[in-house]
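Working notes for the structure below.
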Amino acid sequence: MTDGTSTTGSRRTAGAASGRTRAAAAAATEDRARTVRPEQVVVDEPPPEPDYPRYRVEPGTGVRLAEVDPDESEHYQKKKQVVPELEKQRKRIADLQARLYGENRRSMLLVLQAMDTGGKDGTIKHVFQGVNPQGCQVWSFKAPSAEESGHDFLWRYHQRVPPRGMIHIFNRSHYEDVLVVRVKGLVPEEVWRPRYEVINQFEHALALSGVTVLKFYLHISKEEQKRRLESRLADPDKRWKFSANDLRERRSWDDYMAAFEEAITNTSTDVAPWYVVPADNKWYRNLVIARTIADTLEAMDPQFPAPEAGLDQVVVED
Ligand code: AMP
Ligand code: MG
């Protein structure tokens, strides 16, 4: 501590950092913040189509989930209309991912959260079709094991953060530790509440290390969840996905909405924003997420490394 009288948490965490240190961190933070507002960098005629920036939760403004219509799809009316556009966005993601991999300098972490049946698996399947499996990895998180529970709550997630060149997708994430944990009362509020701040610091540290963090909350209505659960029950090929636990969680719907709302409000930051994506229409959800990812990758502007000099003269011998 540089100042014996400072008492606030932020003063204390700023600690002994010098002015130069803080200025360097601020400059790096600003640079990352630009990347996650990609429409300002890569869209010639705003707003983009689909208009994904409207779903980004601006830091300090907060979100009221009841005011976001899960059935929203702008002017798009049916799946058929968006098939070619989704294909185009997938192609962009595949091309940009190849560059990210070749560049081998930075990475991307995508966090997917939703209520049961919200579409996390479907999003992964449809948005990442065509991406080189070598450059992309999915991590699904269930209730923690005994070993995982023995560590600080971020431990198991930090190990799965993407290394240089990679895109990692978290199918559920460290946010469960302020969601299910809160709703089910697995730990007291004194334990889960400070985690918002810890998560922000964690994601900030990742951002400054070259990891672009994007977070998507797939917003479905309670009625749509009922339809999807019923269809799981009715379809023999989907029955395996049904869990009696889903019905128990559904009874806590309002508690989950409150937990999501507060988590998103507290953790949508300049460098690691949340997008609240209307998700009753799967095809619209896919399109919004695909374009958000494609534009963000483009704003990162990954570059293939320069080839060795003199390659024009190279002859491959017989
Ligand atoms: P599913 O994604 O349907 O396979 O279910 C995974 C289950 O693991 C869900 O019920 C989650 O709520 C639960 N889960 C995931 N992360 C945690 C966590 N950190 N603490 C407790 N339960 C969790
Ligand atoms: Mg499930």
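The values are calculated or read from the model by the stated rules, or taken from the named source; none is laboratory data. Please read all numbers here as calculations on a predicted model, not as lab measurements. Don't worry about glycine lacking a Cβ; one is built from the backbone with ideal geometry, like all the others, and counts go over all protein chains shown. What goes into the accessible areas is simple: the full protein's heavy atoms, side chains included, and nothing from ligands, DNA or RNA. Shrake-Rupley method; radii C 1.70, N 1.55, O 1.52, S 1.80 Å.
Applying a threshold of 20 Å to the alpha-carbon distances of Lys184/Lys215; Lys79/Lys222; Lys215/Lys241; Lys88/Lys125; Lys226/Lys282; Lys142/Lys222 flags Lys184/Lys215; Lys79/Lys222; Lys215/Lys241; Lys142/Lys222 as lying beyond it. Shape class of the stretch 73-210 from the alpha-carbon gyration tensor: oblate, with a/c at 1.5 or above and b/c at least as large as a/b. The separation of the stretch 220-298 from the stretch 92-133, counted between C-alpha centres, amounts to 17 Å.
Over the chain, what per residue volume does the convex hull of the Cα atoms give, in whole Å³?
Once divided by residue count, the hull of the chain is 209 Å³.
Judged by the mean number of other Cβ atoms found within 10 Å, the most tightly packed of the peptides 23-33, 200-210 leads the ranking 200-210, 23-33.
Working note: Karplus 6.51/-1.76/1.60 with θ = phi - 60° gives the stretch 169-180 the couplings 10, 9, 8, 6, 6, 4, 5, 4, 6, 10, 10, 4 Hz, where Gly and Pro are set to x.
Computed 3J(HN,Hα) for the stretch 139-150, one whole-Hz value per residue from the Karplus formula 6.51 cos²θ - 1.76 cosθ + 1.60 where θ = phi - 60°, is 10, 9, 10, 9, 4, x, 6, 4, 5, 4, 5, x, glycine and proline marked x. The accessible surface of the chain, taken with every protein chain in place and a 1.4 Å probe, is 50 percent carbon and sulfur.
Each label point was placed 7 Å from the Cα along the Cα-to-Cβ direction; for Ser209 and Ser145 their separation is 2.1 nm. Under 5 Å between amide hydrogens, built in the peptide plane, is the criterion, and for His219 it picks out Val277, Ala279 among residues at least 5 positions away or on other chains. Rolling a 1.4 Å probe over the protein heavy atoms gives the chain an accessible area of 53 Å² per residue. Potential lengthening of the chain between Asp254 and Val187 amounts to 22.2 nm, from the contour at 0.36 nm per residue minus the alpha-carbon distance. Distance between the pseudo-spin-label points of Ala234 and Lys125 (7 Å out from Cα toward the beta carbon): 1.8 nm.
For the chain, calculate the relative contact order in percent as a whole number, restricting contacts to Cα pairs under 8 Å that are 6 or more residues apart.
Working: 431 pairs, mean separation 106.1, N = 318.
Dividing the mean separation by the residue count of the chain yields 33 percent.
Once both labels are positioned 7 Å from their Cα atoms along Cα-to-Cβ, the gap between Lys91 and Glu30 label points is 3.8 nm.
Between Val314 and Lys79, residue separation times 0.36 nm minus the direct Cα-Cα distance comes to 79.6 nm. Working note: Karplus 6.51/-1.76/1.60 with θ = phi - 60° gives the stretch 233-250 the couplings 6, 7, 9, x, 7, 10, 4, 4, 7, 6, 10, 4, 4, 4, 5, 5, 5, 4 Hz, where Gly and Pro are set to x.
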